[in-house]
């Protein structure tokens, strides 16, 4: 089936004339319609996709195609797409037609990728279950009563269900890796600064990072190749050359030093998930890796530090939504204060409000030092722990999530419990290092992800290590029933 | 540390954020829970640690002082809630 082919195979098929981009795009559009009840897409850009597919076919015929030319992909609805509704999962932006393209979108357009549409997500990327979306929860294709993870839940579910060849996501505290784990796909959060944030709607600017969500490490490498790179429009973009990510995939990993932090395997990790991670680490041992137990005692403070820093940055970033220049405006405001207060009150959902309140409090006079500065100091200590660990070992491995996907409705009433489910992913964003989620097993019909954490700008190494695992296992090739 | 409903109202005012009267109590409870979580940070000695604002210790890039932005006013205002003669309209501020 075309929906199961790798990007490299699709590109080959397009070049050999086995199928056209138009046929491929139509096939995905049909699947999106057929599986609409998963609620993966907020907007399907059918007409635009068909136009882009025709243009891609012409480009392929002319012989100046790139690897992604004609490949149907989908974008998390956090990336601004010129002329196309860009909601960020919020009522606040339900009427927002982006006036410009995010750099990531611009690059993918130039590569000739076909955009199928915009994917569902937690409101303003705040959530771990995709349940905070104004457009409703996304269903996990492996178990329709389970969450797909969040905030890039639509991206993960769409890729797992074969409703796009691959997708973009963003990760502030685990929002690429956690849904990738819960949906059985491969996701990579790059080093902070590797992928441009221009036109990516901001949640917490010192943590946000865009990255690829795909069916294999090889596909992720192809997508990242186009997404990554310096952008003068993003003041925190890092000006370093982008390596050829595919070139290193087949490097041998014999002698690889893997660190297992004992804090990743303590109380709270379900036995089933622990067994899957053990088995995956064993595969690496067979591939010639050396395993070393390490300790990172400050990891447990990552959640408290994150829930000061991220809300603080969010309260500042989301102050731009004021009902004046774009987005939702309340009806019949009585004065300016009423316009601000009601537009924001009616436009934002409860989780977003909770984080704006938390951040406003942490930044307010009298509490700034006790919370915000304290959290930034803890952040440095956590970051140093990663630097120290990664000077001893090449990569750190562990679980992505403490359990498999929980049920829709199970944790939405208890925000603190929801926050704690990000225990293994959040510290990585505080440090800014890259990390991946790789499918490593299935427990009771639901996928489990292995997390691989690397040093700054070592995305090529992570992809290589994940690819080698995918050469000797087939977890990444498993498909949910009914979506084969 | 726990926050009262009055604290929540004050914070909401600072953020110019309308919240439903019926939700205030649950916000007070949730925020208090978050503050309890944050209290764990006090167990770590952070004396003499420099606060980390950003993962990359880099300085801001400079660029030549030349105009690069085009005039996009019409395009930007086409998505605004209310405009007139090139201006964004809000309720009267000065009587």
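Brief remarks follow.
- With each label modelled as a point 7 angstrom along the Cα→C-beta vector, the residue A:233-residue A:145 pair spans 4.6 nm.
- Using a cutoff of 8 angstrom between alpha carbon atoms and counting only pairs six or more residues apart, the relative contact order for chain A works out to 18 percent.
- As a size descriptor, the averaged projected area of the C-alpha convex hull of chain A was calculated at 21.5 nm².
- Residues residue A:27 and residue A:58, FRET efficiency given R0 of 22 Å [Cβ-Cβ distance, rounded to 0.05]: 0.70
- DSSP beta bridge pairing in the protein assembly as shown, given as percent antiparallel to the nearest 5: 75 percent
- Inter-chain neighbour count for A:453-462: the average number of beta-carbon atoms from partner chains within 10 Å of each residue's beta-carbon is 0.
- For the stretch A:171-302, the share of DSSP beta bridges that are antiparallel, to the nearest 5, is 45%.
- Mean residue ellipticity at 222 nm, helices only, chain A: -11500 deg cm²/dmol; runs of at least 4 DSSP H residues each add -39,500 (n - 2.57), and the sum is divided by the number of residues.
- Between residue A:46 and residue B:83, the distance separating the two model label sites (each 7 Å from Cα on the Cα→Cβ line) works out to 3.1 nm.
- Given R0 = 56 Å, the distance between the Cβ atoms of residue A:12 and residue B:56 translates into a calculated FRET efficiency of 0.90.
- If you take the alpha carbon atoms of the stretch A:191-250 and fit the smallest convex hull around them, that volume is 86 Å³ per residue.
- Helix B:24-39 axis, angle to chain B major axis (alpha carbon atoms, nearest 10°): 70 degrees
- Estimated distance in nm for a label pair at residue A:265 and residue B:66, the labels positioned 7 Å out from Cα along Cα-to-Cβ: 5.8 nm
- Ordering of A:325-335, A:355-365, A:304-314, A:37-47 by packing [mean C-beta count within 10 Å, highest first]: A:304-314, A:355-365, A:37-47, A:325-335
- Counting every other Cβ atom within 10 Å of each residue's Cβ, A:119, B:89, A:22, A:68 order from fewest to most as B:89, A:22, A:68, A:119.
- Along its three principal directions, the equivalent ellipsoid of the stretch A:170-284 from the Cα gyration tensor extends over semi-axes of 28, 19, 13 Å, largest first.
No lab work stands behind these numbers, since they all come straight from the coordinates. For clarity, every value in this text was computed on a predicted model and none was experimentally measured. Cβ: placed from backbone, ideal geometry, glycine included. Neighbour counts: every protein chain shown.
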